[in-house]
Amino acid sequence: MSLNSSTLLNEENTQGAKRNNGCLESLLQTPSSFQDNPLQQLQLASQEVLEKAKKSGRSKCPRCNSSRMFYCYTCFVPVETVPTTEIPIVKLPLKIDIIKHPNETDGKSTAVHAKLLAPDDVTIYKYPCIPEYEEKRHEIALIFPGPNSVSVKDIAFHLQKYTKKGVCASEDDCSREPLLKQAKIEPEEEKNPNECISSSRREGTRLKKIIFIDSTWNQTNKIITDERLQGLLQIELKTRKTCFWRHQKGKPDTYLSTIEAIYYFLVDYHQEILKESYKGQYDNLLFFFSFMYSLIKDAKCYAGKE
């Protein structure tokens, strides 16, 4: 779909123009507009740089010289008309691995948004070239819906099981006493035993990395059945609904795009695991997504499709 709404306007007939008038009037009404765009409540950096880039049209990638809009989805960098200094950088509380299906169309994937906006914390792998996760199972989880998936608030409880089974991050860790025993034998200070045990459990079950699969839902089976991902704790985001404009027919609206899944997981993690109030710390992960959502929604409206 073209992102240039003016082109769509020129192709309209009289009947379409009448629909446009009604649509545009509704967009000017704040309550209706807010309902139509659930992403409006986000606390985002200024998107003026994207507005300017939209008017300028496609631009070159500074690395591969390919013609792109906003960013290069193969080099993971903004194009020349989008200065890096004007793109927000988000610091995440844990590392993220994105496993991309080899047949997933680069230009349709939202995974690149995460790499652009959180470059220090996000790594993208193209399947089947993925890491071995076996020795880190006690600190890694996989976001994927399924019969054995748990909610975000239950992460700590379920990761404890891996620690109790003796899954160690390294040989050094394995040579040490179990964390709970360490808490019991600390002598010098009088401490509440329950506090010691609780603290040790938090240390022993601290989540350090989350894995996301980037593919169409019909392609996920090849990746999710890979032996390197077996035995990982699976988490499902059951209460969120997608705003993705390429929502796949026949799939529930709780099946999110990759960047939505990352964002909503982090919001839940911040509140449920870190036990901190959420004040928009990760909203800029949807910096590109929200802009493109509004752009495409407006283009559809101008074309009389809504």
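The values are calculated or read from the model by the stated rules, or taken from the named source; none is laboratory data. Bear in mind that the values here come from a model prediction, so they are computed numbers and not experimental data. Backbone-built Cβ (ideal geometry, glycine too); neighbour counts: all protein chains shown. For accessibility, only protein heavy atoms count, side chains too; no ligands or nucleic acids. Shrake-Rupley method; radii C 1.70, N 1.55, O 1.52, S 1.80 Å.
Checking SER109, SER59 one by one, the residue that is under 13 Å from ILE259 (Cβ atoms), surrounded by 14 or more Cβ atoms within 10 Å (Cβ to Cβ) and in contact with a Ser or Thr (Cβ under 9 Å, 6 or more places away or on another chain) is SER109 and no other. Scan the range 80-98 residue by residue and report those that are open to solvent by 90 Å² or more (accessible area, probe 1.4 Å) and either assigned to a loop (DSSP other than H, G, I, E, B) or in contact with a Lys or Arg (Cβ under 7 Å, 6 or more places away or on another chain) (or both). Selection gives GLU80, ILE89, LYS91. Of all residues in the range 47-66, exactly one satisfies the criterion of being part of a loop (DSSP other than H, G, I, E, B) and within 14 Å of SER290 (Cα to Cα), namely GLN47.
Of the residues making up the range 136-155, those that are under 17 Å from TYR264 (Cβ atoms) and over 19 Å from the mean Cα position of the chain (by Cα) number 1.
Per-residue answers, yes or no, for (1) touching a strand residue (DSSP E or B) at 6+ places or on another chain (Cβ under 7 Å); (2) at pLDDT 60 or above; (3) of a type in the set (Val, Ile, Thr); (4) more than 30 Å from ILE210 (Cβ to Cβ):
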{"position": "ASN4", "(1), (2), (3), (4)": "no, no, no, yes"}
{"position": "LEU9", "(1), (2), (3), (4)": "no, no, no, yes"}
{"position": "GLN29", "(1), (2), (3), (4)": "no, no, no, yes"}
{"position": "ALA45", "(1), (2), (3), (4)": "no, yes, no, no"}
{"position": "VAL77", "(1), (2), (3), (4)": "yes, yes, yes, no"}
{"position": "THR84", "(1), (2), (3), (4)": "yes, yes, yes, no"}
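Could you please let me know if LEU116 is under 18 Å from THR258 (Cβ atoms) and outside any helix (DSSP H, G or I)? No: the conditions fail for LEU116. Considering every residue within the range 142-156, establish whether at least one is out of contact with any strand residue (DSSP E or B) (no Cβ under 8 Å at 6 or more places or on another chain), modelled with pLDDT of 95 or more and assigned by the TED database to the domain that holds LEU266. No, that holds for no residue.
To keep it simple, each residue is scored yes or no on (1) within 30 Å of LYS52 (Cβ to Cβ); (2) at pLDDT below 95; (3) assigned to a loop (DSSP other than H, G, I, E, B).
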site	(1), (2), (3)
LYS241	no, yes, yes
LYS251	no, yes, yes
ALA261	yes, yes, no
PHE265	no, no, no
ASP268	no, yes, no
LYS275	no, yes, yes
LEU286	yes, no, no
SER294	yes, yes, no
ASP298	yes, yes, no
